[in-house]
Amino acid sequence: MEKVSDGANVRFPPPLIYVGGLVLALVGDRLLHLPSLGLHPGIRGIAGAVLVVIGFVVSFAGAGLFMQRRTAIIPYKPATHLVTSGIYRWTRNPMYLGMALLYAGLAILLNSLLALILLAPVIAIIQSQVIAREEAYLHRAFGSEYVAYRNRVRPWI
(Lines give C-alpha, C1' and ligand atoms only; values in the text may rest on other atoms or scores of the structure.)
Protein backbone atom coordinates (compact mmCIF):
# COMPACT_ATOMS: atom_id res chain seq x y z
CA MET A 1 0.00 0.00 0.00
CA GLU A 2 1.24 3.47 -0.86
CA LYS A 3 2.17 5.69 2.10
CA VAL A 4 -0.54 8.27 2.77
CA SER A 5 1.07 11.53 3.81
CA ASP A 6 -1.97 13.70 4.38
CA GLY A 7 -3.65 14.01 7.74
CA ALA A 8 -7.20 13.61 8.98
CA ASN A 9 -8.17 17.14 7.90
CA VAL A 10 -9.55 17.94 11.36
CA ARG A 11 -10.33 21.64 11.30
CA PHE A 12 -10.44 22.49 14.99
CA PRO A 13 -8.37 21.15 17.91
CA PRO A 14 -10.56 18.60 19.74
CA PRO A 15 -9.68 19.81 23.28
CA LEU A 16 -11.02 23.24 22.34
CA ILE A 17 -14.36 21.70 21.34
CA TYR A 18 -14.71 20.34 24.86
CA VAL A 19 -13.55 23.63 26.39
CA GLY A 20 -15.98 25.52 24.15
CA GLY A 21 -18.87 23.42 25.44
CA LEU A 22 -17.91 24.08 29.04
CA VAL A 23 -17.47 27.81 28.47
CA LEU A 24 -20.79 28.05 26.64
CA ALA A 25 -22.50 26.25 29.53
CA LEU A 26 -20.91 28.43 32.19
CA VAL A 27 -21.83 31.61 30.32
CA GLY A 28 -25.36 30.25 29.86
CA ASP A 29 -25.58 29.41 33.56
CA ARG A 30 -24.49 32.92 34.55
CA LEU A 31 -26.64 34.84 32.06
CA LEU A 32 -29.78 32.72 32.24
CA HIS A 33 -29.62 31.68 35.91
CA LEU A 34 -30.29 28.06 34.95
CA PRO A 35 -30.90 25.34 37.53
CA SER A 36 -27.93 23.54 39.01
CA LEU A 37 -27.50 19.79 39.35
CA GLY A 38 -29.03 19.83 42.82
CA LEU A 39 -26.56 17.28 44.18
CA HIS A 40 -25.13 17.43 47.68
CA PRO A 41 -21.72 19.19 47.53
CA GLY A 42 -19.94 16.14 48.97
CA ILE A 43 -21.39 13.84 46.32
CA ARG A 44 -20.59 16.40 43.62
CA GLY A 45 -17.03 16.70 44.87
CA ILE A 46 -16.37 12.98 44.95
CA ALA A 47 -18.14 12.13 41.67
CA GLY A 48 -16.59 15.07 39.85
CA ALA A 49 -13.09 14.37 41.15
CA VAL A 50 -13.32 10.66 40.27
CA LEU A 51 -14.40 11.47 36.70
CA VAL A 52 -11.67 14.10 36.32
CA VAL A 53 -8.98 11.67 37.50
CA ILE A 54 -10.27 8.83 35.30
CA GLY A 55 -10.50 11.24 32.37
CA PHE A 56 -6.88 12.33 32.79
CA VAL A 57 -5.67 8.73 33.15
CA VAL A 58 -7.55 7.53 30.06
CA SER A 59 -6.45 10.52 27.94
CA PHE A 60 -2.83 10.32 29.00
CA ALA A 61 -2.74 6.55 28.53
CA GLY A 62 -3.73 7.09 24.91
CA ALA A 63 -1.44 10.06 24.36
CA GLY A 64 1.45 8.27 26.04
CA LEU A 65 1.23 5.38 23.60
CA PHE A 66 1.24 7.80 20.67
CA MET A 67 4.37 9.46 22.05
CA GLN A 68 5.98 6.08 22.71
CA ARG A 69 5.31 5.02 19.11
CA ARG A 70 6.39 8.47 17.87
CA THR A 71 3.23 9.07 15.90
CA ALA A 72 1.31 12.33 15.65
CA ILE A 73 -1.10 13.16 18.48
CA ILE A 74 -2.30 16.24 16.60
CA PRO A 75 -5.13 14.98 14.34
CA TYR A 76 -4.28 17.05 11.28
CA LYS A 77 -0.76 15.63 11.03
CA PRO A 78 -0.06 12.28 9.33
CA ALA A 79 0.20 9.18 11.50
CA THR A 80 3.32 7.05 11.22
CA HIS A 81 1.89 4.05 13.12
CA LEU A 82 -1.48 2.51 13.84
CA VAL A 83 -1.53 2.17 17.63
CA THR A 84 -3.58 -0.86 18.72
CA SER A 85 -1.97 -1.87 22.01
CA GLY A 86 -2.58 -0.82 25.61
CA ILE A 87 -5.79 1.12 26.11
CA TYR A 88 -6.35 1.02 22.34
CA ARG A 89 -7.32 -2.65 22.75
CA TRP A 90 -10.53 -1.48 24.51
CA THR A 91 -11.35 1.82 22.80
CA ARG A 92 -10.32 3.38 19.51
CA ASN A 93 -10.64 6.87 21.00
CA PRO A 94 -9.18 6.94 24.51
CA MET A 95 -8.09 10.57 24.27
CA TYR A 96 -11.61 11.72 23.32
CA LEU A 97 -13.20 9.38 25.85
CA GLY A 98 -10.87 10.77 28.51
CA MET A 99 -11.72 14.34 27.54
CA ALA A 100 -15.45 13.52 27.73
CA LEU A 101 -14.99 12.04 31.22
CA LEU A 102 -12.92 15.06 32.27
CA TYR A 103 -15.62 17.37 30.88
CA ALA A 104 -18.35 15.47 32.78
CA GLY A 105 -16.31 15.63 35.98
CA LEU A 106 -15.77 19.36 35.61
CA ALA A 107 -19.46 19.89 34.85
CA ILE A 108 -20.33 18.08 38.07
CA LEU A 109 -17.72 19.96 40.11
CA LEU A 110 -19.01 23.23 38.66
CA ASN A 111 -22.60 22.19 39.50
CA SER A 112 -23.69 22.85 35.91
CA LEU A 113 -26.68 20.96 34.58
CA LEU A 114 -26.34 22.83 31.28
CA ALA A 115 -22.74 21.63 30.89
CA LEU A 116 -23.88 18.01 31.30
CA ILE A 117 -26.67 18.58 28.77
CA LEU A 118 -24.21 20.15 26.31
CA LEU A 119 -21.89 17.14 26.60
CA ALA A 120 -24.14 15.25 24.15
CA PRO A 121 -23.77 17.82 21.33
CA VAL A 122 -20.05 18.18 22.12
CA ILE A 123 -19.61 14.43 21.68
CA ALA A 124 -21.70 14.56 18.49
CA ILE A 125 -19.37 17.25 17.12
CA ILE A 126 -16.31 15.23 18.13
CA GLN A 127 -17.81 12.16 16.43
CA SER A 128 -18.80 13.88 13.18
CA GLN A 129 -16.06 16.48 12.77
CA VAL A 130 -13.07 14.72 14.32
CA ILE A 131 -13.46 10.96 14.68
CA ALA A 132 -15.19 10.45 11.31
CA ARG A 133 -12.38 12.37 9.57
CA GLU A 134 -9.70 10.49 11.51
CA GLU A 135 -11.25 7.13 10.71
CA ALA A 136 -11.47 7.95 6.99
CA TYR A 137 -7.80 8.99 7.09
CA LEU A 138 -6.73 5.87 9.00
CA HIS A 139 -8.55 3.73 6.44
CA ARG A 140 -6.66 5.50 3.62
CA ALA A 141 -3.37 5.29 5.48
CA PHE A 142 -3.50 1.76 6.90
CA GLY A 143 -6.13 -0.01 4.78
CA SER A 144 -7.06 -3.54 5.84
CA GLU A 145 -4.96 -3.30 9.01
CA TYR A 146 -7.18 -0.44 10.20
CA VAL A 147 -10.39 -2.16 9.04
CA ALA A 148 -9.50 -5.27 11.07
CA TYR A 149 -8.75 -3.07 14.10
CA ARG A 150 -11.99 -1.08 13.67
CA ASN A 151 -13.97 -4.33 13.45
CA ARG A 152 -12.62 -5.70 16.73
CA VAL A 153 -12.44 -2.55 18.93
CA ARG A 154 -15.34 -0.27 19.85
CA PRO A 155 -15.08 3.44 19.09
CA TRP A 156 -15.74 4.71 22.63
CA ILE A 157 -16.14 1.95 25.25
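Listing for the model above:
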item	result
Residue, nearest to Tyr88 (Cα to Cα), within segment 129-156, restricted to residues that are of a type in the set (A, V, I, L, M, F, W, C) and more than 13 Å from the chain's Cα centre (by Cα)	Val153
Positions within segment 117-128 being over 12 Å from the mean Cα position of the chain (by Cα) and surrounded by 16 or more Cβ atoms within 10 Å (Cβ to Cβ), in sequence order	Leu118
Some residue of segment 93-106 being free of Cβ contacts under 8 Å to residues at least 60 places away in the same chain, out of contact with any Phe, Trp or Tyr (no Cβ under 6 Å at 6 or more places or on another chain), on the phi > 0 side of the Ramachandran plot and of a type outside the set (Gly, Ala, Ser)	no
Out of Leu82, Leu113, Leu101, sole residue that is touching a strand residue (DSSP E or B) at 6+ places or on another chain (Cβ under 9 Å) and surrounded by 14 or more Cβ atoms within 10 Å (Cβ to Cβ)	Leu113
Residue count for segment 140-150, restricted to those that are surrounded by fewer than 17 Cβ atoms within 10 Å (Cβ to Cβ) and either touching a Lys or Arg at 6+ places or on another chain (Cβ under 8 Å) or not in a helix (DSSP H, G or I) (or both)	1
Residue match in segment 129-141 (condition: out of contact with any helix residue (DSSP H, G or I) (no Cβ under 8 Å at 6 or more places or on another chain) and either among the aromatic types (Phe, Trp, Tyr) or farther than 27 Å from His81 by Cβ (or both))	yes
Matching option when the condition is more than 13 Å from Met95 (Cβ to Cβ), among the hydrophobic types (A, V, I, L, M, F, W, C), modelled with pLDDT of 95 or more and under 15 Å from the mean Cα position of the chain (by Cα), among Val27, Val53	Val53
Checking Pro78 against (1) in contact with a Gly (Cβ under 8 Å, 6 or more places away or on another chain); (2) of a type outside the set (Ser, Thr, Tyr); (3) at pLDDT 95 or above, the condition it does not meet	(3)
Failed item, numbered, when Arg44 is tested on (1) charged (D, E, K, R); (2) without any contact (Cβ under 8 Å) to a residue 60 or more places away in the chain; (3) touching a helix residue (DSSP H, G or I) at 6+ places or on another chain (Cβ under 6 Å)	(2)
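The values are calculated or read from the model by the stated rules, or taken from the named source; none is laboratory data. Note that the structure is a prediction, hence the values are computed from the model and not measured. In this analysis, Cβ positions are derived from the backbone assuming ideal geometry, glycine residues included, and neighbour counts consider all displayed protein chains.
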